[in-house]
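*Asks:* Encoded as structure tokens, here's the structure I'll be asking about.
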Amino acid sequence: MALELPNIVDIIEVMENYVEDIRPEENIRDQLDISYKIDNQSVILFEIRPSYKSPDEKLECCYAKATYVKTARRWKVFWMRASGKWQGYEPMPEVADLHEFISLVEEDKYHCFKG
């Protein structure tokens, strides 16, 4: 089930402001950039980098995800393992809102989100 429209508008506002604050300088964005996407009930943060094998090809390297659980009115927090599988973020598996999610990602106390 996808997020409802009023929720999506709020999510876009929060995430656009956050991503704009953390994006690299414009002159290196062809080598490294940061973005997000909304996928059903989840918001996913990712880096955009050129492929090592084919530099003209861009890769999305996901590193943090928050999935909304409507019944609990909470966001579950995940980080991307080297295996390519999402893992629950054990120090704080759930947050109340996206601002808390962003704070966790920024603090990255256990170096799970960004290497």
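*Asks:* What residue, among those in region 1-16 that are exposed (fewer than 14 other Cβ atoms within 10 Å of the Cβ) and within 13 Å of the chain's Cα centre (by Cα), is modelled with the highest pLDDT?
*Replies:* For region 1-16, the residue satisfying everything is E16.
*Asks:* With respect to the numbered conditions (1) in a helix (DSSP H, G or I); (2) in contact with a Pro (Cβ under 8 Å, 6 or more places away or on another chain), which one is the sole condition not fulfilled by K76?
*Replies:* It is condition (1) that K76 fails.
*Asks:* Within region 79-98, work out how many residues are in a helix (DSSP H, G or I) and surrounded by fewer than 11 Cβ atoms within 10 Å (Cβ to Cβ).
*Replies:* Final tally of qualifying residues: 0.
*Asks:* Kindly provide the set of residues from region 20-45 that are touching a strand residue (DSSP E or B) at 6+ places or on another chain (Cβ under 7 Å) and closer than 21 Å to A96 by Cβ, ordered by number.
*Replies:* Y36, Q41, S42, V43, I44, L45
*Asks:* I would also like to ask the following. For region 99-115, give me each residue that is surrounded by fewer than 18 Cβ atoms within 10 Å (Cβ to Cβ) and either modelled with pLDDT under 95 or not small (G, A, S) (or both).
*Replies:* H99, E100, E106, E107, D108, K109, Y110, H111, K114, G115
*Asks:* Among the residues of region 70-93, is any among the small types (G, A, S) and in contact (Cβ under 8 Å) with a residue 40 or more places away in the chain?
*Replies:* No, that holds for no residue.
*Asks:* Looking at Q31, is it without any contact (Cβ under 8 Å) to a residue 60 or more places away in the chain and exposed (fewer than 13 other Cβ atoms within 10 Å of the Cβ)?
*Replies:* yes
*Asks:* Next question, about the same structure. Here's a check for you: in region 99-115, which residue that is hydrophobic (A, V, I, L, M, F, W, C) and in a loop (DSSP other than H, G, I, E, B) is farthest from V43 (Cα to Cα)?
*Replies:* Among those residues, the one meeting the criterion is C112.
*Asks:* Being outside any loop (DSSP other than H, G, I, E, B), farther than 22 Å from L104 by Cβ and either modelled with pLDDT under 95 or acidic (D, E) (or both) is the filter here, so list the residues in region 21-73 that pass it.
*Replies:* E26
*Asks:* Go through region 60-78 and give me each residue that's of a type in the set (A, V, I, L, M, F, W, C), farther than 30 Å from D30 by Cα and surrounded by fewer than 18 Cβ atoms within 10 Å (Cβ to Cβ).
*Replies:* Passing the criteria: V69, A72.
*Asks:* Still on this structure, please answer the following. For region 57-107, name all the residues that are out of contact with any strand residue (DSSP E or B) (no Cβ under 8 Å at 6 or more places or on another chain) and either among the aromatic types (F, W, Y) or farther than 20 Å from E16 by Cα (or both).
*Replies:* K70, T71, R73, A82, S83, G84, K85, E90, P91
The values are calculated or read from the model by the stated rules, or taken from the named source; none is laboratory data. None of the values given here were measured: they were computed from a predicted structure. Note that we place each Cβ from the backbone using ideal geometry, even for glycine, and neighbour counts take in every protein chain shown.
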